[in-house]
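The values are calculated or read from the model by the stated rules, or taken from the named source; none is laboratory data. Since we're looking at a predicted model, the values are computed, not measured. Cβ coordinates were reconstructed from backbone atoms using ideal geometry, including for glycine residues, and neighbour counts include every protein chain displayed. Just so you know, the surface numbers come from the protein's heavy atoms only, side chains and all, with ligands and any DNA or RNA stripped out. Shrake-Rupley method; radii C 1.70, N 1.55, O 1.52, S 1.80 Å.
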Amino acid sequence: MTAAPFYITTPIYYVNAQPHLGHTYTTIAADVARRYHSMNGADTFLLTGTDEHGDKIVKAAEKNGVSPRDYVDRISCLFRDLWPQLNVSCDHFIRTTDPDHIAIVEQILQKIYDQGDIYYSEYEGLYCFDCERFYNTRELVDGKCPDHGKAPEAIRESNYFFKMSRYQQWLIDTIHENPALIQPERYRNEILSFLREPLEDLCISRPKSRLQWGITLPFDDQYVTYVWFDALINYISALGYPDGENFRKFWPHARHVVAKDILKPHGIYWPIMLKAAGIDIYKHLYVHGYWNVDESKMSKSLGNVVDPNYLKATYGTDAIRYFLMREMAFGLDSNFSESAIISRINSDLANDLGNLFSRVLGMFHKYFQGTVPDCMPETGHDFQLDLKADSEKLISDFSGAMERFEFHRALATVWEYIGKMNKYVDVTAPWELAKQKEARNQLETVICNLLEGLRVVSGLIYPVMPETAGTIQEHLGLDPQRPFYRIDEIRKWGSIPANITLPKAVTLFPRIDPETILSPVKPEAEGIRTAPIAPEIGIDDFSKIDLRAARVLHAEKIPKANKLLKLEIDLGSETRTIVAGIAQAYSPEQLVGKTVVVLANLKPAKLMGVRSQGMLLAAVEGDGCSVAVLDRDMPPGTRLK
Ligand code: MSP
């Protein structure tokens, strides 16, 4: 049976903020689901992108002193360039400013308008500028927006409205007929409970007198369309609706992944928009919870926004992908902390998986000198533990959990199996078998079973940790050209070819000492001796000093200079190279992704043959060195005053 095509989308992210942990989770989850379905032989298509119109974006551009166009180009790139860094491969990256997208939004608006589902009316309502939407009083908490904690403003204006109310009963019936439409169930129930109240029609426009940065309504050039009518349509415009081959092939299989913040637009507005436009609705909507950071909501104003570039540079892509998928139960909120990452890395990755890998390969090299014995793993002594039978159950439990987007459960099943394999080593005690000549066949069987178990594990971790899966498979002599990531291949116990020679194990995940990552530089016990304060200067002397926020894009050691690092930095308007004497205190990886402070108008100088255009600021005392970083994220190039 051939697998059905698989189409998965992430929300398109607003470009008023840089990519953070929340965006990263959703996008990695989509990639994990896509990779899993490709293991079943499906043709897959992953869509992500950026949402670039609206008030918020105009305000953010103004704040940065650039035009909306320049601003959206810059931030959109940060998203587009990040995903491949995290091993997310998207098939299309859509931007709502793309001309093809705009043309399709216009076409759909016109169709719905012509059939009488859009009308013009005056409206007075309570509007939250941060959410960019009207609230009814029932939705407010103590009179304030539940997301932003601010009282919405009363505004009155004439606008265009979409007659959602007309489709309310149809939507209720559709959700009842398709119990798996919205998952997990708690969110389906939430939507059904919204639908118990009469649906208000949706305001879909803004007068151009108030906002220009949007798509002009095809039937009234004094208005632009607003937020959802523009954004949601990306899911079909990206496939070349209405005639594109991709639309025909993938749309009937569409699945959207979002967090609970945008449940209502996806669970109510979008299916109704599709129905009104005469398009079949999506197949599934998967809704996950929110990441909080150190038990509080992640927000710019709290300064606790987690930067995925930092996570990658500090812990590595596979470890981050694993942590995010394992730690959050899909659908529920979860708490992020660096100590939680470190403990997952040390226990699940270094200890359980990493040790098993090096233990098995170590014994294999010791007893068989690295050449796979010719044995029939399914025969022979089983010591009451049957790794083969367990692997069959594992594959089916794993697949069930992945189908339901329960990534945390899927990984838990693999780790249970890893536990069984470790137990199998303890019970079979290959080191004892190795001492007895007559137990040679048994030893062969045990080691072959363990190699096969590792092969199954490597196949199943592939969607979440593709790099580690590849490393393990290379060490098992599997031909990278063959589809060993296919579920039906993974099932075939006994696939590692006999008589081939395998390389020695490497360390998959070094243990992390939390002290090295989480502790600041400690002052000397008797107190810090600092240099005396320099003579006073006037404000005009200070104004000659041009200090800027800069993001470290790349860092490397300078050969033969043990104190110097060469840094590539983004200064907003340009990229520069600077040399910093901090190599004894920082490894290059610790700096990449950080927003540091740079003296930007220092005369360039050559250090060890490298031209340095500026100076990195750091607190330096004795052996202690701490690079100045900004407490809150600011765009590269922002001036410090
Ligand atoms: N532009 C709209 C979506 C339009 S889709 C047609 C938007 N953008 S957003 O930038 O605010 O992204 C919201 C999404 O980012 C969430 O639904 C979720 O996927 C992700 N997350 C943002 N913060 C998050 C957390 N703290 N935790 C988990 N995911 C969150 O809404």
- Message: Can you sort Lys492, Lys606 by solvent-accessible area, 1.4 Å probe, largest first?
- Response: Lys606, Lys492
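With n ≥ 4 as the cut-off for DSSP H runs, can you work out [θ] at 222 nm for the chain, using -39500 (n - 2.57) per run divided by the number of residues, rounded to the nearest 500?
-11000 deg cm²/dmol
Give me the percent of DSSP beta bridges within region 6-334 that run antiparallel, rounded to the nearest 5. Don't jump to the answer; show the numbers that get you there.
Values: 23 of 45 bridges.
Of all bridge pairs located within region 6-334, approximately 50 percent are antiparallel.
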- Note on the structure: Expressed in nanometres to one decimal, the distance between label points 7 Å along Cα→Cβ at Ala3 and Asp147 is 3.3 nm
- What does the convex hull of the Cα atoms come to per residue for region 256-384, in Å³? 238 Å³
- Task: Have a look at Cys77, Trp431, Ala60 and report the one farthest towards the positive end of the charge dipole of the chain, computed about the Cα centre with Cβ charges (Lys/Arg +1, Asp/Glu -1).
- Result: Trp431
- The percentage of the accessible area of region 6-334 (probe 1.4 Å, all protein chains present) made up of carbon and sulfur atoms, to the nearest whole number, is 47 percent
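Please quote Rg/Rh for the chain to two decimal places, taking the Kirkwood radius as Rh and restricting both calculations to Cα atoms. Show your work: numbers first, answer last.
On the way: Rg = 28.4 Å, Rh = 27.9 Å.
With Rg and the Kirkwood Rh in hand, the quotient comes to 1.02.
Just to verify a number: FRET efficiency for Ala340 and Glu467, C-beta to C-beta distance, R0 = 25 Å, to 0.05? Don't skip to the end; give the middle numbers.
Working: r = 21 Å, r/R0 = 0.86.
Using R0 = 25 Å, I get an efficiency of 0.70.
Which value in Å does the Kirkwood hydrodynamic radius of region 6-334 take, with 1/r averaged over all unlike C-alpha pairs and then inverted? Intermediate values should be presented prior to the final figure.
Numbers: mean 1/r = 0.0486 Å⁻¹.
Value: 20.6 Å, from the Cα pair sum.
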- Message: Just to be sure I understand the model, the point goes 7 Å from the Cα along the line to the Cβ. What's the resulting Asn499 to Asp243 distance in nm?
- Response: 5.9 nm
- Message: Quick check: the distance between the Cα centres of region 65-137 and region 174-190, to the nearest angstrom?
- Response: 26 Å
- Task: For a label point 7 Å from the Cα of Ala561 along Cα→C-beta, name the residues of region 610-634 whose backbone N is under 14 Å from it.
- Result: 610-616
- Item | Total formal charge among the other residues, if their Cβ is under 12 angstrom from that of Tyr7, Lys/Arg +1 and Asp/Glu -1 | +3
- Task: Please list 449-460, 276-287, 345-356 highest first by mean number of surrounding beta-carbon atoms within 10 Å per residue.
- Result: 449-460, 345-356, 276-287
- Item | Where Cα atoms sit under 26 Å apart: lysine pairs in region 337-490 separated by 8 or more or lying on different chains | 14
- Net length gained if the chain between Glu197 and Arg138 were fully extended (0.36 nm per residue, minus Cα distance): 20.2 nm
- Item | Ranking by accessible area, most exposed first, for Leu202, Leu617 with a 1.4 Å probe | Leu617, Leu202
- Note on the structure: So, with points 7 Å from each Cα along the Cβ direction, the Leu332-Asp488 label distance in nm works out to 3.7 nm
- Using the Cα centre as the reference, give the magnitude of the dipole from point charges on the C-beta atoms of region 156-236 (Lys, Arg: +1; Asp, Glu: -1; all else neutral), rounded to the nearest 20 debye. 200 debye
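Rank these residues by their accessible area, most exposed first, probe 1.4 Å: Glu190, Glu536, Glu416.
Values: Glu190 80, Glu536 185, Glu416 120 Å².
Largest accessible area first, the list is Glu536, Glu416, Glu190.
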- Please give the FRET efficiency for Gln436 paired with Leu607, using the beta carbon to beta carbon distance and R0 = 51 Å, rounded to the nearest 0.05. 0.20
- Leaving ligands, DNA and RNA out of it, work out the accessible area of Lys563 with a 1.4 Å probe and give it in Å² to the nearest 10. 110 Å²
- What size of dipole, in debye to the nearest 20, comes out for the chain about its Cα centre when the only charges are +1 on Lys and Arg C-beta atoms and -1 on Asp and Glu C-beta atoms? 1180 debye
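Where in the chain are the helices, taken as whole DSSP H runs, whose Cα atoms extend 24 angstrom or more along the long axis and whose Kyte-Doolittle mean reaches at least 0.5? The partial results should precede the final answer.
On the way: long enough: 21-39 (27 Å, -0.26); 68-85 (26 Å, -0.67); 407-428 (32 Å, -0.10); 440-461 (32 Å, 0.65).
Long hydrophobic helices here: 440-461.
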- Local electrostatic count, Asn499, Cβ distance below 13 Å [Lys/Arg +1, Asp/Glu -1]: -2
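With a probe of 1.4 Å, find how much accessible area region 83-183 has per residue, and write the answer as a whole number in Å².
Details: 5130 Å² over 101 residues.
Averaged over the residues of region 83-183, the accessible area is 51 Å².
Over region 121-220, what number does the Rg to Rh ratio reach, with both radii from the alpha-carbon atoms and Rh per Kirkwood?
Details: Rg = 16.0 Å, Rh = 15.7 Å.
Here the Rg-to-Rh quotient is 1.02.
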- Query: Going by average Cβ neighbours within 10 Å, how do the peptides 110-117, 95-102 rank, with the highest at the top?
  - Reply: 95-102, 110-117
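Taking each pair of distinct Cα atoms in region 337-490 once, what is the resulting Kirkwood hydrodynamic radius in Å? Before the final figure, lay out each step's value.
Working: mean 1/r = 0.0618 Å⁻¹.
After inverting the mean inverse Cα-Cα distance, the result is 16.2 Å.
Compute the length gained on full extension between His554 and Glu295: take 0.36 nm times their separation in residues and subtract their Cα-Cα distance, giving the result in nm to one decimal.
Values: separation 259, 0.36 × 259 = 93.24 nm, distance 3.16 nm.
Contour length minus the Cα-Cα distance gives 90.1 nm.
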- Note on the structure: Carbon and sulfur atoms account, in whole percent of the 1.4 Å probe accessible area of region 337-490, for 46 percent
- Note on the structure: Reported to the nearest 10 Å², Met608 has, with a 1.4 Å probe, an accessible area equal to 110 Å²
- Cα-centred dipole magnitude for region 337-490, charges only on beta-carbon of K, R (+1) and D, E (-1), debye, nearest 20: 300 debye
- Item | Local electrostatic count, Ala434, Cβ distance below 10 Å [Lys/Arg +1, Asp/Glu -1] | +3
